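Since every read-out is calculated from the coordinates, none of them should be taken as a lab result. Because the structure is a prediction, the values reported are computed rather than measured. Positions of Cβ are backbone-derived with ideal geometry, glycine not excepted, and every protein chain shown enters the neighbour counts.
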Amino acid sequence: MVKGSPYIVRGVCYNPIPAGSNHEYDWWSDKAKPWITDGKLMKEMGINTIRLYQAGEDPQKVKQVIGDLYKLYGIRTVLGDWLGFWEYPCPFYGDKDFQEKVKAQVMETIRTYKDEPGILAWILGNENNYSCLGYVNPWSSPEVDEEPDPQKQKLMKAEIYYSFVNSLARQVHEIDHEHPVGLGNGELVGLDSAAKFCPDVDFVACIIYRGKTFGNLFNSLKMTFDKPLLLAEFGADCYDAYLQKEDQDMQAFFLQSQWNQIYANLANKKSGAGNCIGGMIFEWSDEWWKHNSYDPEKWSVHDTESGWSNGSYYFDIRAPKNMNMNEEWFGIVALGDRTEDGLNKRIPRKAYYVIREFWKNPVIKKARGKKHF
């Protein structure tokens with residue numbers, strides 16, 4: 001609810017890195033103010049929310065971005081924190097000193113930005129639950145290492161992690177009574193543990209890539225961890241790795257199908273699961289640095305080499321070694337080679353227009369049996 005009315009999140013994940021730079025680029029300080037150009041396009045599309053994974057280092061510049069988007073275009077911000085997920089050598093969630101360091105950072109963020117009119121909500125973490133399983137950034141603790149059973153080790157780590165997030169959520173609620181707190185979670189993995197150890201979050205911010213539909217996601221969440229659901233990261237790249245060419249039609253088709261399911265399960269609908277509060281498309285614009293993130297010579301090249309495989313994106317799964325996911329091609333807005341007013345020219349793709357029209361007139365198509373999924 002925003003100002004007494006139901007609020008459907010129609011959002012995008014936002015990280016406007018220009019061609020030729022990587023994730024370390026301080027776009028908050030960019031004199032060209034990319035958020036002004038992007039905000040105008042976003043408003044024309046119907047976007048009402050952006051997701052920022054973490055605030056920049058200069059609070060005044062972050063406030064300017066949040067404030068400009070809200071005052072000029074009515075676009076609100078969901079602000080997150082990585083919770084130390086990318087710490088080297090790993091995030092030590094079983095270490096009290098590490099927890100205190102992360103907690104201090106999160107609370108500083110909340111205190112700094114909670115009174116900004118453009119803030120909509122907070123998200124704690126992103127896919128940090130995968131670290132409990134050893135998939136990404138694995139960690140352990142002396143207590144866990146003493147347990148010989150690998151499955152019990154995973155459950156112990158899940159308890160440690162989700163209990164920590166719950167302590168953060170409780171403290172955020174003490175500081176900020178106005179904005180809800182979400183748990184950033186990869187898929188539904190670990191949410192049976194979250195139901196036991198992380199009850200104080202207000203919603204689940206799910207990061208999910210299941211192709212053109214979300215399958216049984218909405219009802220499964222209800223059965224596992226009955227919280228409102230924000231699709232905090234989902235989407236489809238627009239490069240066909242099999243035919244080796246851009247495919248804007250397929251990206252638009254997948255995204256419209258995904259939004260169809262979001263609207264069919266909205267919290268203010270009598271039909272469907274009734275637990276969804278909207279979604280955040282990954283992502284607003286292409287990021288040319290992602291495939292070779294540590295090779296500066298590659299950042300100015302829009303790379304077409306796939307980085308991973310996902311059979312749910314079936315249109316190009318026949319690519320060599322089934323490698324069909326192109327990290328540099330997820331934007332619903334492409335970056336042009338030439339610049340305008342100090343920025344790479346913004347070129348909206350077909351998905352931009354298709355989703356804009358869907359939001360104006362969301363005709364919901366019902367799923368038909370197993371074939372649809």
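Could you give the dipole magnitude of the stretch 9-372 about its Cα centre, charging the beta-carbon of Lys and Arg +1 and that of Asp and Glu -1, in debye to the nearest 20? All intermediate terms of the calculation are to be shown ahead of the outcome.
Numbers: 43 positive and 51 negative charges, 415 e Å.
The calculation lands at about 2000 debye.
Lysines near LYS33 by alpha-carbon distance under 19 Å, same-chain residues fewer than 8 away left out - which ones?
Reachable lysines: LYS43, LYS61, LYS63, LYS71, LYS345.
Calculate one ³J(HN,Hα) per residue across the stretch 265-276 by plugging θ = phi - 60° into the Karplus curve 6.51 cos²θ - 1.76 cosθ + 1.60, and present them in order as whole Hz with x for glycine and proline.
10, 5, 5, 9, 9, 7, 9, x, 6, x, 10, 9
If neighbour count is taken as other Cβ atoms inside 10 Å, put LEU191, LEU266 in order from fewest to most.
On the way: LEU191 23, LEU266 20.
Taking fewest neighbouring Cβ atoms as first place, the list is LEU266, LEU191.
Pull up all non-local amide H partners of GLU246: gap of 5 or more, or a different chain, and H-to-H distance under 5 Å with H placed in the peptide plane.
Residues meeting the amide H criterion: ASP240.
Could you tell me the relative contact order of the stretch 125-253? Use alpha-carbon pairs under 8 Å, at least six residues apart, and round to a whole percent. All intermediate terms of the calculation are to be shown ahead of the outcome.
Numbers: 160 pairs, mean separation 27.3, N = 129.
Relative contact order of the stretch 125-253: 21 percent.
With θ taken as phi - 60° and the coefficients 6.51, -1.76 and 1.60, list the Karplus ³J(HN,Hα) couplings across the stretch 189-200 in order, rounded to whole Hz; mark glycine and proline as x.
With coefficients 6.51, -1.76 and 1.60, one gets 4, x, 6, 5, 6, 4, 4, 8, 10, 9, x, 8 Hz.
What does the charge count around ARG51 come to, taking other residues whose C-beta lies under 10 Å from its C-beta (Lys +1, Arg +1, Asp -1, Glu -1)?
Working: positive: none; negative: GLU233, GLU283.
My count for the surroundings of ARG51 gives -2.
Using the count of nearby Cβ atoms within 10 Å as a rough guide to exposure, how do ILE347, ILE281, ILE317 rank from fewest to most?
Values: ILE347 13, ILE281 25, ILE317 17.
Ordered from fewest to most neighbouring Cβ atoms within 10 Å, ILE347, ILE281, ILE317 come out as ILE347, ILE317, ILE281.
Find how many whole Å separate the alpha carbon centroid of the stretch 77-132 from the alpha carbon centroid of the stretch 295-343.
Taking the Cα centre of each part, the stretch 295-343 and the stretch 77-132 sit 28 Å apart.
Under the rule of -39500 (n - 2.57) per DSSP H run of 4 or more residues, summed and divided by the residues of the chain, what mean residue ellipticity at 222 nm is obtained, to the nearest 500 deg cm²/dmol?
Details: 11 runs with 127 residues, N = 373.
Helix-only estimate at 222 nm: -10500 deg cm²/dmol.
Output the relative contact order of the chain, whole-number percent, from Cα pairs under 8 angstrom with separation of 6+ residues.
It rounds to 18 percent for the chain.
Say we join alpha carbon atoms closer than 10 Å with springs in a Gaussian network model of the chain; which of ALA104, ALA194, ALA252 then has the biggest fluctuation?
ALA104
Run down the aspartates and glutamates and flag those whose C-alpha is under 13 Å from the C-alpha of LYS196, throwing out any fewer than 8 positions away in its chain.
Reachable aspartates and glutamates: GLU159, ASP226.
Less than 18 Å apart at the alpha-carbon level, and either on another chain or at least 8 residues along: which lysines does that give for LYS298?
LYS290
Collect residues whose amide H, placed 1.01 Å from N in the peptide plane, falls under 5 Å from the amide H of SER300; neighbours closer than 5 in sequence don't count.
Distant-sequence amide H within range of SER300: GLY20.
Going through the cross-link list LYS3/LYS365; LYS31/LYS114; LYS40/LYS321, which pairs have a Cα-Cα distance over 32 Å in this structure?
Details: LYS3/LYS365 30 Å; LYS31/LYS114 26 Å; LYS40/LYS321 41 Å.
Listed pairs above 32 Å: LYS40/LYS321.
First select every other residue whose beta carbon is under 12 angstrom from the beta carbon of GLN171; then total the charges, Lys and Arg +1, Asp and Glu -1. Don't skip to the answer; put the middle values down first.
Details: positive: LYS103, ARG111, ARG170; negative: GLU100, GLU108, GLU174, ASP176, ASP200.
It works out to a net charge of -2.
So what is the relative contact order of the stretch 40-95, in percent, for Cα pairs below 8 Å that sit 6 or more residues apart? Can you show the working numbers first?
Details: 45 pairs, mean separation 22.9, N = 56.
This gives 41 percent for the stretch 40-95.
Counting other beta carbons within 10 Å of each Cβ, put ARG346, ARG170, ARG356 in order, fewest first. It would help to have the intermediate numbers written out before the result.
Numbers: ARG346 20, ARG170 13, ARG356 16.
Neighbour counts put them in this order, fewest first: ARG170, ARG356, ARG346.
Using only the alpha carbons of the chain, determine the length spanned along each of the three principal axes and report them from longest to shortest in whole angstroms.
Extents along the principal axes: 55, 51, 48 Å.
Over the stretch 2-111, with a single point scatterer placed on each C-alpha, what log10 of the ratio I(q)/I(0) does the Debye formula yield at q = 0.24 1/Å?
For the stretch 2-111 at q = 0.24 Å⁻¹, log10 I(q)/I(0) is -1.37.
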